[in-house]
Amino acid sequence: MRVAVTGTPGTGKTTATAALVDRFDANVEADTSTSAVTVDGKETVDELTADDICHLNDLIESESLYTDVDEDRDSVIADMDALESVVDDRAPVVVDSHLAHHLPADRVVVLRCEPNELARRLRERGEAAEKAHENAESEALDVILAEAVESHGLESVYEIDTTERTPDDVADRIVDVLTGEREPSAGTVDFVGYLQ
């Protein structure tokens with residue numbers, strides 16, 4: 001099983017996924033493969049190690065899995081075919097990135113954040129005001145949510161509003177998706193008022 005954790009930059013993907021391993025059996029050996037169980041006909045995860053989590057942005061940089069550099073946006077253009085091939089070879093259970101929903105996945109967790117808070121977070125981590133505003137608008141327009149639903153279907157998409165949640169709380173909610181304790185919830189978060 002693969003779970004993609006995606007969302008607009010600044011929603012908390014990397015921080016929350018980094019905390020996932022602590023939520024599973026602390027005694028699991030690092031080289032133990034992930035096991036899965038079935039709940040109501042759906043595969044779920046009952047163990048998770050650090051090797052089971054792939055931060056796609058780090059992988060893109062470390063393996064040079066990009067085709068070009070966008071100087072204006074200070075970012076790279078990912079080579080999605082090469083990225084998918086490398087991820088498939090590594091077979092992680094959880095992949096996180098604003099691009100994760102473009103890869104095959106059984107479940108997609110879309111982290112959401114109120115656009116004003118999102119812009120504040122991005123500016124605090126050094127993003128230009130223009131880029132922060134662009135991402136806030138994208139969040140209000142549900143861009144990543146719409147892409148995730150189009151690629152994976154409503155029955156596979158789970159929204160989590162991170163606006164007033166700690167990273168640990170967000171990680172707990174992602175665990176609920178991994179273990180089959182949370183129902184799909186696409187369309188439950190609405191930030192369109194930001195655009196008015």
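Suppose we filter the range 85-113 for residues that are part of a helix (DSSP H, G or I), surrounded by fewer than 19 Cβ atoms within 10 Å (Cβ to Cβ) and of a type in the set (A, V, I, L, M, F, W, C); how many remain?
Looking only at that region, the number is 1.
Can you say whether residue 185 is touching a Leu at 6+ places or on another chain (Cβ under 6 Å) and of a type in the set (Ser, Thr, Tyr), as far as the supplied structure shows?
No: the conditions fail for residue 185.
For the range 45-63, enumerate the residues that are more than 16 Å from residue 7 (Cβ to Cβ), touching an Asp or Glu at 6+ places or on another chain (Cβ under 9 Å) and of a type outside the set (A, V, I, L, M, F, W, C).
46, 47, 49, 51
Within the range 66-93, work out how many residues are touching a strand residue (DSSP E or B) at 6+ places or on another chain (Cβ under 8 Å) and more than 24 Å from residue 138 (Cα to Cα).
The total comes to 4.
Okay, residues lined up against (1) among the β-branched types (Val, Ile, Thr); (2) modelled with pLDDT of 95 or more; (3) closer than 19 Å to residue 106 by Cβ:
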| position | (1), (2), (3) |
| --- | --- |
| 7 | no, yes, yes |
| 20 | no, no, yes |
| 29 | no, no, no |
| 38 | yes, no, yes |
| 48 | no, no, yes |
| 51 | no, no, yes |
| 68 | no, no, no |
| 72 | no, no, no |
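Hey, among 82, 91, which residue is under 25 Å from residue 182 (Cα atoms) and over 13 Å from the mean Cα position of the chain (by Cα)?
91
Name the residue, out of 136, 82, that is touching a helix residue (DSSP H, G or I) at 6+ places or on another chain (Cβ under 6 Å) and in a helix (DSSP H, G or I).
Answer to the check: 136.
Which one is surrounded by the most Cβ atoms within 10 Å (Cβ to Cβ), of the residues in the range 139-195 that are of a type in the set (S, T, N, Q) and touching a residue at least 24 places away in the same chain (Cβ under 8 Å)?
Ranking the candidates gives 162 first.
Using beta carbons and a limit of 9 Å, which pairs, at least six apart or on different chains, have the first residue in the range 60-87 and on the phi > 0 side of the Ramachandran plot and the second one part of a loop (DSSP other than H, G, I, E, B) and modelled with pLDDT under 95?
Short answer, once both residue conditions are applied: 74/127; 74/128.
Of all residues being among the polar types (S, T, N, Q) and at pLDDT 95 or above in the range 139-184, which is farthest from residue 1 (Cα to Cα)? Just the residue, please.
Out of the qualifying residues, it is 163.
Out of (1) loosely packed, with under 12 Cβ neighbours inside 10 Å; (2) over 20 Å from residue 170 (Cα atoms); (3) not aromatic (Phe, Trp, Tyr), the odd one out for residue 125 is which?
It fails just one condition, (2).
When you go through 148, 140, 128, 136 one by one, which is the residue that is hydrophobic (A, V, I, L, M, F, W, C), within 27 Å of residue 72 (Cα to Cα) and in contact with a Phe, Trp or Tyr (Cβ under 6 Å, 6 or more places away or on another chain)?
On the way: 148 fails: in contact with a Phe, Trp or Tyr (Cβ under 6 Å, 6 or more places away or on another chain); 128 fails: in contact with a Phe, Trp or Tyr (Cβ under 6 Å, 6 or more places away or on another chain); 136 fails: in contact with a Phe, Trp or Tyr (Cβ under 6 Å, 6 or more places away or on another chain).
Going through 148, 140, 128, 136 in turn, just one is hydrophobic (A, V, I, L, M, F, W, C), within 27 Å of residue 72 (Cα to Cα) and in contact with a Phe, Trp or Tyr (Cβ under 6 Å, 6 or more places away or on another chain): 140.
Any residue that is part of a helix (DSSP H, G or I), more than 22 Å from residue 21 (Cα to Cα) and polar (S, T, N, Q) - is there at least one of those in the range 157-170? Even if it seems obvious, please write down each step before you answer.
In the first step, residues of the range 157-170 are kept if they are part of a helix (DSSP H, G or I); the result is 167-170.
Those still in the list that are more than 22 Å from residue 21 (Cα to Cα) too: none.
Checked against the condition, which is being part of a helix (DSSP H, G or I), more than 22 Å from residue 21 (Cα to Cα) and polar (S, T, N, Q), the range 157-170 yields no hits at all.
The values are calculated or read from the model by the stated rules, or taken from the named source; none is laboratory data. Predicted model, so just to flag it, every value in this text is computed and none were measured. Note that we place each Cβ from the backbone using ideal geometry, even for glycine, and neighbour counts take in every protein chain shown.
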